[in-house]
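Q: This structure is in structure tokens; I'll ask about it shortly.
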Amino acid sequence: MASETVTSTEYIKHHLQNMTYGQHPDGHWGLAHSAEQAKEMGFWAIHVDTMFWSIILGVFFLWLFRKAAKRATSGQPSGLLNFAEWIVEFIDTSVRGSFTAKNNLVAPLALTIFVWVFLMNLMDLVPVDWLPLLAGWVGSTMFGADPHHVFFKVVPTTDPNATIGMALSVFFLTIFYSIKVKGLGGFVGELTLQPFSAKNPLIKVAFIPVNFFLEFVSLIAKPISLALRLFGNMYAGEMIFILIAMMFSAGIGMGIFGGFLQLGWAIFHILIITLQAFIFMTLTIVYMDMAHSEH
């Protein structure tokens, strides 16, 4: 197994497969050694690599900004403190421009989302083979596993479970504040009494099912679009990096050409990873503003 030549299809599938931990059909718990085994584990399986990198990067964000906060002085900021203050000012400007109500949670939430998503996206710039090869070496050396069966994705935002989880967190926050600010009656009224309305009570009641259908679809579309937009862009970017990496095995000429392609795509991808973090943050602010605004 470990000595077999890997085909292009196997190479792509290996790099797109998460390290999955769950319950096997025979009842024991462990890591999946193939995509089929991962599928058999069902809903309660955990993507270990996604959890590992998202937590590590989240802790790194907290440590970095805590370190900057401890260095804060009344003098001229420099270095890390200057960088942290620039990001905070950028987030503060974005919140002031999009959020019209008063909520002390929104700015920290926006800061956390922007930096955390950016750091997770930034992992896409790490060469696609480095960390998976390291994980394969660790698995074969320490645990005697076949490197071909050691899966290790390093970009959490290429996993729909991560993006959907973040989008649902934002969605539940907007529902909570919608009910808190407008009351349960006001929240239900927004779902049933618009966009169609009438002065006649009978016609107004008749419009309720239509209004509810339209508003419910609009409500559910928010977390879905928020999650799939981030996942789709990052997944496509990762796929391009993988396809470029395959060119290095096609000879020196194709390898040099692939190197230039990889450099060009990495430079362009910096814009994408930053833009996707900004869009996720901005939409979160907008959704929170809608939750605080009465119709």
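Q: Please list 3J(HN,Hα) in residue order for the stretch 36-46, calculated via the Karplus relation 6.51 cos²θ - 1.76 cosθ + 1.60 where θ = phi - 60°; whole Hz, with x for glycine and proline.
A: After applying 6.51 cos²θ - 1.76 cosθ + 1.60, I find 5, 5, 4, 5, 5, 5, x, 5, 7, 5, 10 Hz.
Q: Give the calculated FRET efficiency between Ser78 and Ser169 to the nearest 0.05, with a Förster radius of 51 Å applied to their Cβ-Cβ distance.
A: Efficiency, rounded to the nearest 0.05: 0.90.
Q: If Lys and Arg each add +1 and Asp and Glu each add -1, what is the summed charge of the other residues whose beta carbon sits under 14 Å from the beta carbon of His33?
A: Counting the neighbours of His33, the net charge comes to -3.
Q: Given Cβ point charges of +1 (Lys, Arg) and -1 (Asp, Glu) and nothing else, what value in debye, to the nearest 20, does the dipole of the chain about its Cα centre take?
A: 1120 debye
Q: Here's a follow-up. For a test of the definition: using alpha carbon positions, the gyration tensor, and the 1.5 limit on a/c, classify the stretch 211-295 as rounded, prolate or oblate.
A: prolate
Q: Which of the peptides 197-203, 278-284, 248-254 is most tightly packed, and how do the rest follow, judged by the mean count of other Cβ atoms within 10 Å per residue?
A: So the order, starting with the most tightly packed, is 278-284, 248-254, 197-203.
Q: So how much slack lies between Glu36 and Ser293, counting 0.36 nm per residue of separation and subtracting their Cα-Cα distance, in nm?
A: So the extension gain works out to 87.8 nm.
Q: Then there's this: Relative contact order for the stretch 20-292: what percent, with Cα pairs under 8 Å and sequence separation of 6 or more?
A: Averaging sequence separation for qualifying contacts and normalising by length gives 23 percent for the stretch 20-292.
Q: A further question on this structure: Taking 0.36 nm per residue of separation and subtracting the Cα-Cα distance, what length does fully extending Leu202 through Thr141 add?
A: 14.6 nm
Q: Taking neighbour Cβ counts within 10 Å as the exposure measure, how do Ser54, Ser78 sort from fewest upward?
A: Ser78, Ser54
Q: Under 8 Å for C-alpha pairs, at least 6 residues apart: give me the relative contact order for the stretch 197-289, rounded to a whole percent.
A: Over the stretch 197-289, the number comes to 23 percent.
Q: A further question on this structure: For the chain, compute the number of Lys pairs whose alpha carbons are separated by less than 18 Å, excluding pairs fewer than 8 positions apart on the same chain.
A: Qualifying lysine pairs in the chain: 5.
Q: Please list 21-29, 176-184 highest first by mean number of surrounding beta-carbon atoms within 10 Å per residue.
A: 176-184, 21-29
Q: Further question: Ranked highest first by the average count of other Cβ atoms within 10 Å around their residues, in what order do 41-47, 112-118, 231-237, 186-192 fall?
A: So the peptides 41-47, 112-118, 231-237, 186-192, ranked by packing, come out 112-118, 231-237, 186-192, 41-47.
Q: Another question about this same structure. Shape verdict for the stretch 150-286, please, from the Cα gyration tensor: rounded (a/c under 1.5), prolate (a/b greater than b/c) or oblate.
A: Taking the square roots of the gyration eigenvalues as a ≥ b ≥ c, the stretch 150-286 is prolate.
Each reported figure results from applying straightforward, stated rules to the coordinates on display, with no laboratory input. Only a predicted model underlies this, so the values are computations on that prediction, with no experimental measurement involved. As a convention, Cβ positions derive from the backbone with ideal geometry for all residues, glycine included, and neighbour counts pool all protein chains shown.
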